[in-house]
Amino acid sequence: MEYDYVALGDSYAAMGSRDAATGPEFCLRSTDNYPSLVAADERVRSSTDVTCQGARIPDLLNPRPADSGELAPQLAALGTDTDLVTLSIGGNDLGFGEIIGCVQENLLGDAQVDCAARLEGTVRTHLAALPEELDELYRHIEDYSGGADVIATGYLPILPEAQTCPEVAAISPADREWAGRLTAELNGVLTDAAERNGASFVLPAGAAEHSTCAEPGQRWTDITGQETGSYPMHPTAAGQAAMAEAVLAELRGSAAETPGD
């Protein structure tokens, strides 16, 4: 089967290497992000990548202000000929930007900040609202595309829970544990939403072993990005490649289940 493919979502899908970008400058969309790698597969007939840093669920449904004007709703990229969609969303709806900001305070400041104490209440409120927001989004994707296959991609962990290295020494073990638990909870919500709505969910196996404390060449995420040429607190090129392979493996599995296509 060949696919007309559209990639929707946020910075975890958009951003890989810092030195290779495409699309609106505002979106920080790297040429080695997982949508680009999936689009290069021989089974993909056409592709459109509208992923963008900072995207939340409303930005998929409504126009979004940007530095050079207004971005169209991401769902406007879908059409009745779209038969494959990847979706990376939910982190910013949960307050990912605020979490990053608090962690960076610890990295840059003299006094340690308790991020869990500061943000837990707000995060819980957003997490409780997320399932209904995701269900509405899936309904819109169905309507706009006429029933495309959707593969939701999870969030690779940034901070190791049980491992210590110089890169995370300024962050308390309690905050590292909180961030890791929160990432797992978010991925659980995304998994459940995909299952409820007839979609698939993928996350590369062994992701916890490839966070900031791994050797630079083995990092799928990086807290500073300095040794990997990636954006701080985001997937590296290796992480984007791992996610692309997870998406393509899901496609291979789907094709094997429907040999008549």
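Every number here is computed from the coordinates shown, using simple stated rules; none is lab data. Nothing here was measured: the structure is a model prediction, and the numbers come from that model. All Cβ positions, glycine included, derive from the backbone under ideal geometry; neighbour counts span all protein chains shown.
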Point-charge dipole on Cβ atoms (K/R +1, D/E -1) for the chain, about Cα centre, debye to 20: 240 debye
message: Could you tell me the calculated FRET efficiency between residue 112 and residue 19, based on Cβ-Cβ distance and R0 = 51 angstrom, to the nearest 0.05?
response: 0.95
query: Mind listing the phi-derived Karplus ³J(HN,Hα) values for the range 141-147, rounded to whole Hz, using 6.51, -1.76 and 1.60 with θ = phi - 60°, and x for any glycine or proline?
result: 4, 4, 5, 5, 9, x, x
field: the range 91-147 - Rg and Dmax from Cα coordinates, angstrom
entry: 16.2, 54
query: Considering only the chain, what is the antiparallel percent among its DSSP beta bridges, to the nearest 5?
result: 30 percent
- prompt: Taking amide H positions as placed 1.01 Å from N in the peptide plane, with prolines and chain starts having none, which residues 5 or more places from residue 21, or on another chain, fall under 5 Å of its amide H?
  reply: 31
field: Student exercise, the range 173-249 dipole from Lys, Arg, Asp, Glu Cβ charges, in Debye to nearest 20
entry: 120 debye
message: Can you compute the modelled spin-label distance between residue 163 and residue 197, with each label point 7 Å from Cα toward Cβ, in nm?
response: 3.3 nm
field: the range 184-192 - phi-based ³J(HN,Hα) in whole Hz, Karplus 6.51/-1.76/1.60, Gly and Pro as x
entry: 5, 5, 4, 4, x, 4, 5, 4, 4
field: Under 5 Å, built H, 5+ apart or other chain: amide partners of residue 48
entry: 5, 6, 7
statement: GluC sites (Glu not before Pro) in the range 83-127 lying in a DSSP loop, each with at most 14 other Cβ atoms within 10 Å of its Cβ, come to none
query: Got a sec? Charge dipole of the chain, +1 on Cβ for Lys and Arg, -1 for Asp and Glu; which of 115, 169, 21 is way out at the positive end?
result: 169
query: Where the convex hull is taken over the Cα atoms of the chain, what is its projected area averaged over directions, in nm²?
result: 13.5 nm²
statement: One finds the C-alpha centres of the range 63-137 and the range 182-245 to be spaced, in Å, by 15 Å
task: May I ask for the Kirkwood hydrodynamic radius of the range 93-231, worked out over all distinct Cα pairs and given in angstroms to one decimal?
output: 16.4 Å
message: Could you work out the pair-distance distribution P(r) of the range 116-175 from its alpha-carbon pairs, with 5 angstrom bin width and percents rounded to whole numbers?
response: 4, 12, 14, 15, 16, 12, 10, 9, 6, 2
query: Short version: ³J(HN,Hα) in whole Hz for each residue of the range 23-34, in order, from phi by Karplus 6.51 cos²θ - 1.76 cosθ + 1.60 (θ = phi - 60°), x for Gly and Pro, what are they?
result: x, x, 4, 4, 7, 6, 8, 7, 6, 10, 6, 5
- request: Pick out which of 147, 69, 180 has the largest mean-square fluctuation in a Gaussian network model of the chain, springs linking Cα atoms closer than 10 Å.
  value: 69
Residues with amide H under 5 Å from that of residue 55, placed H, sequence gap 5 or more: 11
